Amino acid sequence: MNSIERRAEILMYLTQRKDPLKGSEIARKYGVTRQIIVKDIAILRAKGENIMATPDGYIINKEMNKIKAIIAVKHKEEQLIEEMGIVIKYGGTIEDVIVEHPLYGEIRGMLMIKNYNELNKFSEKYKNQKGRLLSVLTNGVHLHTISADNDENINLIINELKENGFIVLD
């Protein structure tokens, strides 16, 4: 199988999946290195394919037809699950987290959390890896791109985040 055929199969394979797939798993499937898969994904993205790299692997972004909003929020580390829970409560997806770093500029981490199961997995991973949130770089202030099926759900999310003091107003 040549690289063009492999890329076509990878794209078809990712399109058929609902959950992310690690580069190492794709590499095993095709008998190549993970680095070759990283290159294949980069080439597919350059050709306009909407493939996202998340902490759980590669996934086709099927959120394109949803309503999106970028919200500025602030909270303490222990309020992480409460804040994200509000978004998914109304059928929203937390697509990413963005912080503005004084040296590096915008730093973005892809999340794609759309239900409580994924939120629980993220929470466990956060606890077990003892990693720090990007928002610690900005005293808790960060942005999220959120998406939902309609404006009503986006407004419900934003209103509840405001009511709970998560939205940055000034």
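What order do you get for Glu78, Glu118, Glu9 when you list them from fewest to most C-beta neighbours inside 10 Å?
Final ranking by Cβ density, sparse to dense: Glu78, Glu9, Glu118.
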Taking +1 at the Cβ of each Lys and Arg and -1 at the Cβ of each Asp and Glu, which of Thr15, Ile43, Tyr126 sits farthest along the dipole of the chain towards its positive end, judged by Cα position relative to the Cα centre? Ile43
Over 22 Å (Cα to Cα) - which of Lys29/Lys127; Lys66/Lys89; Lys39/Lys125; Lys29/Lys66; Lys89/Lys121 fall in this group: Lys29/Lys127; Lys39/Lys125; Lys29/Lys66
Relative packing of peptides 90-96, 101-107 - highest average C-beta neighbours within 10 Å first: 90-96, 101-107
So what's the back-of-envelope 222 nm ellipticity for the chain, counting only DSSP H runs of four-plus at -39500 (n - 2.57) apiece and dividing by all residues, rounded to 500? -13000 deg cm²/dmol
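Using the 10 angstrom Cβ neighbour count as an exposure proxy, how do Tyr58, Tyr30 rank, fewest first? List each step's numbers first, then the result.
Details: Tyr58 24, Tyr30 17.
Ascending Cβ contact count within 10 Å gives the list Tyr30, Tyr58.
Give, rounded to the nearest 20 debye, the magnitude of the charge dipole that the chain has about its Cα centre when Lys and Arg contribute +1 at Cβ and Asp and Glu contribute -1 at Cβ. Spell out each step's value before the answer.
Values: 25 positive and 24 negative charges, 177 e Å.
Computed charge dipole of the chain: roughly 840 debye.
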Calculated from backbone phi, Karplus (6.51, -1.76, 1.60) coupling profile of the stretch 76-85 in Hz, x at Gly/Pro: 7, 4, 6, 9, 3, 5, 4, 4, 5, x
By its C-alpha gyration tensor, with a ≥ b ≥ c as the square roots of the eigenvalues, how is the chain shaped: rounded for a/c under 1.5, else prolate for a/b larger than b/c, else oblate? prolate
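Laboratory data are not the source of any read-out in this text; all were calculated from the coordinates shown. Worth saying up front: this structure is predicted, and the values here are computed from it rather than measured. Ideal geometry is used to build each Cβ from the backbone, glycine not excepted, and the neighbour counts take in all protein chains shown.
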